[in-house]
Each structure stands twice: as structure tokens, then as C-alpha cells.
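Worksheet for the structure shown next.
The values are calculated or read from the model by the stated rules, or taken from the named source; none is laboratory data. Remember, predicted model here, so these are calculated numbers, not experimental data. Here the Cβ positions follow ideal geometry from the backbone for every residue, glycine too, while neighbour counts run over all protein chains shown. With ligands, DNA and RNA removed, areas are computed over all heavy atoms of the protein, side chains included. Shrake-Rupley method; radii C 1.70, N 1.55, O 1.52, S 1.80 Å.
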Amino acid sequence: MTAHDTHTDEAKTLEVRLVGAIGLNALIVVAEVVGGLVSGSLALLSDAVHNLSDVAALIIALVARRLGRRPPSHRHTYGLGRVEVMAALFNSATILVVGTLIIRSAVTRLIHPTPILSGVMLIVAVVGLAANLFSVLLLKGHSNGDLNMRAAMLHLLQDTLSSVAVVVAALLSAWKVGPYLDPLVSILVVVMVLFSGGRLLRDATRVLLEGTPEGLDLEALRQDVQQLVPGCDLHHVHVWELRPDQRILTAHLRMPDGPLSAMDAVLRQIRGRLQNEWGISHSTLEIETLGCGNNDLLGRPSLSTTEAQKVTNERNNR
């Protein structure tokens, strides 16, 4: 069996497990919505929203993996990797809206406490916790080096924690503080969802706006390439992501005079360093000998004397 066949089998196995995890979490959502309405537990309803976000995240992961294997076409020259980011943006925005509404309902419940049916709440919460744990076990070991799957695992781990919180609320619901504990737990769970959803919204927005990948230092990258190839000057550097695991770079590279045939070896050397050290899978380098007249890192136009003096004055006045 070739390495390609092994990779294909692993991909199919992961897709089957993803489908299983999606089905489990969808059942949890239905059970928690029904249980929450019957028992009057806002904690169960808020946990259902969290599980719904898990379902969406897992579907995104599954669709992204399938679309990501499609080769580029004349219509989509980079492929369809951005579908994952667009879906994540929509998903995170929906989580924020629904989560805000649940917090509003929880505050109302704190002001006007309502008894809940702790038996129904506990049964549903325990079933949800068991299903969450099984989903984590299904995908365990498949998130190494895969940002998409790592995000899906994070969703499941967070929801497992929220299920534990709901079980605790159900066990203590008969206490005097029980009617207050249920909405407090629901607020705690929703805050966890909002934190995760906000981070997802930020990351999706950064990718769609073609921002520099998080944690990547452009100046350090420039210095690394210039040390690798003495005498070169890397400028007009732009790095962005098609999706979180696919980085792209374009840049100008001024080289000393030399035979054109030697440039191929230099380019292979630089692209290898960009791939291995900086995770940049696709790089386009524009070779220059005389230079383009602007060696700024980002290719920003040089300031005139008047503009430079204005900037200096503004800094001094701060």
C-alpha cells in the first residue's frame, strides 16, 4: 500500500468519524431542547445552543475537508478553501446573537426565579455529557497538525465542560439556591460560547480581510531570508491565508547581478525555507536586479519631506 493510499484511507476514516460525531451532537441538541422545555431548565437550553455550535463546527470541518481536496479550476484558481472561513464567520455571528438572547432570558429568570424539574434535567444532562465524551474519543488523535480539526475538538471539549456544569446544576437544583443556580449556570455556559464564538469571528474576519497570519513576524521573516541569501533584499512582502492552514506570500526580491540560470536554485532554497520554517505553502517572488525604487518592507510609498515632518510633529505632540 502506497503512502497516498494510506492517506486516503485515513481521510475516509476521519470523515466517517466526523459524520458520527455530527449525528451524536445533533441528537444531543434535540434531547436538550425537549428536556429544557419540559423541565423549564434554561441551563439545558443554553447547552443546546452550545451543542448546536458544535454541530455547525463539525459540519464546517467535514465540508471543508471535502471541498479542500478539489483541485483549482479556471473559475476558482485557488480552490474553495474560503468556504470554510465564510461558514465560520456566519456560524460565529449566529452564536453571538443567540447567546446574547439567552443571557437576557437568564437575567429575567434570576429576577423572577422559576422552579425546574430536576429529574428530567439531570437525565438529559447526563446523556448529553456521555455523548460529548464519546464524540471527543471519536476524533481524538486526528487534530495533530490540522487547525480545522483542532478547532472542532476545542468546540467538543468546551461543550463537555458545559455539560458537566449542567449536571452539577441539576444535582443541586433541589437546594434553596436551585432556582438561581440554573440561570447562573446558563450564563456561565453562554459566556464560554461567546468567548469561543468571538475568537472564531475574529479569526474568520482576519482571514477574509487577508490579514497577516497570527504570530507571524514579517520583519523576522525578511531578516531570515536575507541571512539565507547574503546580498539579497526582500521587500514589498505580503503574507495572507486562504484558510488557517494555507499561507501565501508575494514579495519583491532584489538580487546582485548574476546569471539568470543561478536564480532557480536560489528560489528553490528560499521557498524551501518559507515552507519549512514559516509554514508558507505558496510563494511568488518577483526578481529584481536594479530594484523597484522602494525597499520598504510592505512597499509603502516613501513620505515626502513635508509629510515626514508632519508625522514627526504629531508624534512629538502626543
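One chain, two ends: V136 and R202. Fully extended at 0.36 nm per residue, the span grows by 21.3 nm beyond their Cα-Cα distance.
In terms of the mean number of neighbouring beta-carbon atoms within 10 Å, the peptides 99-106, 208-215, 234-241 order highest first as 234-241, 99-106, 208-215.
Only Lys, Arg, Asp and Glu carry charge here, each on its Cβ (+1 for the first two, -1 for the last two); on that basis the range 169-228 has a dipole of about 360 debye about its Cα centre. Taking a point 7 Å out from the Cα of D233 in the direction of its Cβ, the residues of the range 280-300 whose backbone N falls within less than 16 Å of it are 286-300. Entry comment: accessible area of the range 175-252 is 46 Å² per residue, from protein heavy atoms only and a probe of 1.4 Å. Working from label points 7 Å from Cα in the Cα-to-Cβ sense, the T13 to R222 distance is 4.6 nm. The calculated FRET efficiency for V177 paired with L209, based on their beta-carbon distance and R0 = 51 Å, is about 0.65.
An ellipsoid equivalent to the range 230-309, defined through the eigenvalues of its Cα gyration tensor, has semi-axes of 25, 20, 8 Å when rounded to whole angstrom and sorted largest first.
Measuring how big the range 12-118 is from its alpha-carbon positions, Rg and Dmax come out at 18.1, 61 Å.
For the pair T100 and R268, a Förster radius of 41 Å applied to the C-beta separation gives a FRET efficiency near 0.20, rounded to the nearest 0.05. Solvent-free Debye calculation, one equal scatterer per alpha-carbon of the range 167-293: log10 I(q)/I(0) at 0.09, 0.11, 0.12 Å⁻¹ equals -0.45, -0.54, -0.59. Here, the range 65-123 yields an orientationally averaged convex hull projection of 6.8 nm² when only Cα atoms define the hull. Per atom type, the range 206-305 shows carbon and sulfur on 50% of its accessible surface, probed at 1.4 Å.
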